[in-house]
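In what follows, a single structure is set out as structure tokens and then discussed.
The values are calculated or read from the model by the stated rules, or taken from the named source; none is laboratory data. The shown structure was predicted, so the numbers you read here are calculated from the model rather than taken from an experiment. Reconstructed Cβ throughout: ideal geometry from the backbone, glycine too, with neighbour counts over all protein chains shown. What goes into the accessible areas is simple: the full protein's heavy atoms, side chains included, and nothing from ligands, DNA or RNA. Shrake-Rupley method; radii C 1.70, N 1.55, O 1.52, S 1.80 Å.
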Amino acid sequence: MVNQKRNELLQILNAQNDVLDCMLTEQIKIHDHVRDRKWLELEQCLSNVRAYSDAFVSLDQCRENFVGESKELYLQPEIEPVYVSVRTKLSRSKIENSALATYVEATRDFIDGVIQACVPQQRNTLYAPAGTLVKPESYGVVVDTLF
């Protein structure tokens, strides 16, 4: 019975490990597609990551239901390295997400700065009739036209 339980947990953890490998590969592709502005490929990668994420959540729920309160299963010599690998890959995934968010935010701030320097927007504070703060809308800018 103990061997069967250990084998089932190992199957779940190995499946999570495989899903995380796929997810990490897609996250690297996402970063590359954002950097290279390949929007169609980016959409496909995002769709893949959503599917992998859903699969991981489902597997994680199975793992939680299977293990329950008996956390000592993770300390068994056959299970511990796989469990540590899953946790490590989860951390790597979070770091990839954070790196991408930082890159996108820095790029957005840079472009906002360039547009603001080229076409200054209205900086007055505006209030709606209800007294709420209203940000001035930015307007379109046409680049590379002939006069």
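Table for the structure above
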item: Loop trypsin sites (Lys or Arg not before Pro), the range 1-72 (other Cβ atoms within 10 Å of the site Cβ: 10 or fewer; DSSP); result: Arg37
item: Reach of Lys29 by Cα under 30 Å, taken over lysines that are not fewer than 8 positions away in the same chain; result: Lys38, Lys89, Lys94
item: Furthest towards positive pole of dipole, Ala55, Leu100, Leu10, structure part the range 1-127, Cβ charges; result: Leu100
item: GNM top mover of Tyr127, Tyr52, Tyr74 - the chain, alpha-carbon springs below 10 Å; result: Tyr127
item: Protection proxy ranking, peptides 15-28, 87-100, average beta carbon neighbours within 10 Å, highest first; result: 15-28, 87-100
item: Relative contact order [Cα under 8 Å, 6+ residues apart], the range 10-131, whole percent; result: 36
item: Å² of accessible area per residue within the chain, as computed with a 1.4 Å probe and no ligands counted; result: 73
item: Charge dipole magnitude, Cβ of K and R +1, D and E -1 - the chain, Cα centre, debye nearest 20; result: 260
item: Highest average packing first - 128-134, 109-115, Cβ atoms within 10 Å; result: 109-115, 128-134
item: Radius, Kirkwood style, for the chain when every pair of distinct Cα atoms is counted (Å); result: 19.5
